[in-house]
Amino acid sequence: MHQPSILFINRVFPPDRGATGRCLADLAGRFAAAGWSVTVLACGKAEIPDDRPQYRVVRTGYSGGISASRSIDYLKSLVRLLAAAWKLPRHDVVVTMTDPPLLAVIGPLIRLRWSCGLIHWSQDVYPDLFPVIGVRFPWALGFALDQISAASLRCYDTVVVIGACMARRIMGKGVAPDRVAVVPNWADPVIRPVPRATNPMRRELGLGDRFTVAYSGNFGLAHPIGAVIDAVAILAREAPEIAVLLIGEGRGLSRVRQRIEESALPNLRLLPWQPTHRLAESLGAADLHLASMDERAEGMMVPSKVAGALAAGRPCILLGSAGGAAARQIADSGCGSILSSGDGKGLARVIMMHAADTRMHAEVCACASVAASAWSADLAAAAFLAKAHDAVRRPASSVWGKLAAGND
């Protein structure tokens, strides 16, 4: 019996840091457990150790690090990933992700060589997101990138998106609705509720019995933090007993450091990125979590911080669009609040409500745990496996025919 094979392509993969890499590791392991021959192609040095014998990890030999000239770095990563994929043996299905941006354009090229099934796993929508994060192109180049990206997406058997808002945007690019599948991201399986009283990180940080709020994760360019700092300043005056933690790293970290230095707030602490084995303790150290997203990015991305907070048994306040997938999850499950991304006063008010009303806060924590239990890596993998099997069975059609017709 033929063993189906699948190739996943992404710039980052553990031990390199990055949320997309962690999701990919979860999914790759479950594909291997389901009997697939799995290869992961990522950037990084070939000698990076890997303790996953159930599947193969191939590195391009390029670190993929992002410097000040990140557009050039992204292009280098894209070229190296395509060149490395070209040298690999044929796989039945190829899955491209969205790091580096526009990685979807190499899928149709690989199909030309292999006549394979194609799935695009969209974590972010590029080039749409570029203006939101401050990347500007001349109009003609931006238009060309948009057309190339849309034409590439229409060549895929399935585009897997992580929210209904993203599905609408992808379909707006001409991808047929029956080729778009919503498979939300999941919380890292290591995250679990850690009792507040016995949490070692709370003890290490000397939090005592203080009500604690945290923003934990990537300080991305599409994750505005100004309202959080504004709220902390209000809390410093009106509820100084509430502690606020900012935990993580990212391209927006320098901006966060600058705001912290300017404000010099005694109730605010900046902590470094936390390793996976301490993730449950880190998230559980807070009583309430925060997430933010630029409203302009609705449909282009879904903040993963919400799923992590809920898995830790903690409610989440989202600063961002009320129409996005994360906002819908919070609203439907009653496990937090949604505010506009600039509403620092409103954020301070909601935080103080949670700190003052222990009964209400406990009820919302319970709702968070219920919401988290409704979705998992196993359920997501089952949905993804079904799409991969469909891609194997579907005869590969001409790429150039798809480009001309839009969809088959």
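The values are calculated or read from the model by the stated rules, or taken from the named source; none is laboratory data. From a predicted model like this one, the values you see are computed outputs, not experimental measurements. Ideal geometry is used to build each Cβ from the backbone, glycine not excepted, and the neighbour counts take in all protein chains shown.
Some values worked out for this structure:
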| read-out | value |
| --- | --- |
| Residues within segment 338-394 that are without any contact (Cβ under 8 Å) to a residue 40 or more places away in the chain and acidic (Asp, Glu), tallied | 2 |
| Among the candidates Arg136, Arg59, residue that is of a type outside the set (S, T, N, Q) and surrounded by fewer than 21 Cβ atoms within 10 Å (Cβ to Cβ) | Arg136 |
| Subset tally (residues that are of a type in the set (Gly, Ala, Ser), touching a residue at least 40 places away in the same chain (Cβ under 8 Å) and part of a helix (DSSP H, G or I)) for segment 157-179 | 1 |
| Matching residues, segment 1-44, being basic (Lys, Arg) and surrounded by fewer than 24 Cβ atoms within 10 Å (Cβ to Cβ) | Arg17, Arg22, Arg30 |
| One residue from Glu262, Glu241 being charged (D, E, K, R) and more than 18 Å from Ile351 (Cα to Cα) | Glu262 |
| Evaluation of Ser321 against (1) at pLDDT below 95; (2) assigned to a helix (DSSP H, G or I) (one fails), failing number | (2) |
| Considering residues of segment 235-250 that are touching a residue at least 24 places away in the same chain (Cβ under 8 Å) and surrounded by fewer than 16 Cβ atoms within 10 Å (Cβ to Cβ) only, the residue farthest from Leu279 (Cα to Cα) | Glu238 |
| Single residue of segment 203-224 satisfying the filter (under 18 Å from the mean Cα position of the chain (by Cα) and of a type outside the set (Gly, Ala, Ser)) that is modelled with the highest pLDDT | Tyr215 |
| Matching residues, segment 76-107, being in contact with a Cys (Cβ under 6 Å, 6 or more places away or on another chain) and either surrounded by fewer than 19 Cβ atoms within 10 Å (Cβ to Cβ) or modelled with pLDDT under 95 (or both) | Ser77 |
| Subset of segment 251-269 that is buried (at least 16 other Cβ atoms within 10 Å of the Cβ) and aliphatic (A, V, I, L, M) - its residue that is nearest to the chain's Cα centre (by Cα) | Leu253 |
| Test: residue in segment 225-236 that is assigned to a loop (DSSP other than H, G, I, E, B), at pLDDT below 95 and hydrophobic (A, V, I, L, M, F, W, C) | yes |
| All positions within segment 152-163 that are under 19 Å from Gly323 (Cα atoms) and touching a strand residue (DSSP E or B) at 6+ places or on another chain (Cβ under 6 Å) | Val161 |
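Per-residue answers, yes or no, for (1) among the hydroxyl-bearing types (Ser, Thr, Tyr); (2) more than 13 Å from Thr212 (Cα to Cα); (3) crowded, with 24+ Cβ neighbours inside 10 Å; (4) out of contact with any Asp or Glu (no Cβ under 7 Å at 6 or more places or on another chain):
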{"position": "Ala286", "(1), (2), (3), (4)": "no, no, yes, yes"}
{"position": "Leu290", "(1), (2), (3), (4)": "no, no, yes, yes"}
{"position": "Met293", "(1), (2), (3), (4)": "no, yes, yes, yes"}
{"position": "Ala297", "(1), (2), (3), (4)": "no, yes, yes, yes"}
{"position": "Met301", "(1), (2), (3), (4)": "no, yes, yes, no"}
{"position": "Ala311", "(1), (2), (3), (4)": "no, yes, yes, yes"}
{"position": "Arg314", "(1), (2), (3), (4)": "no, no, yes, no"}
{"position": "Leu318", "(1), (2), (3), (4)": "no, yes, yes, yes"}
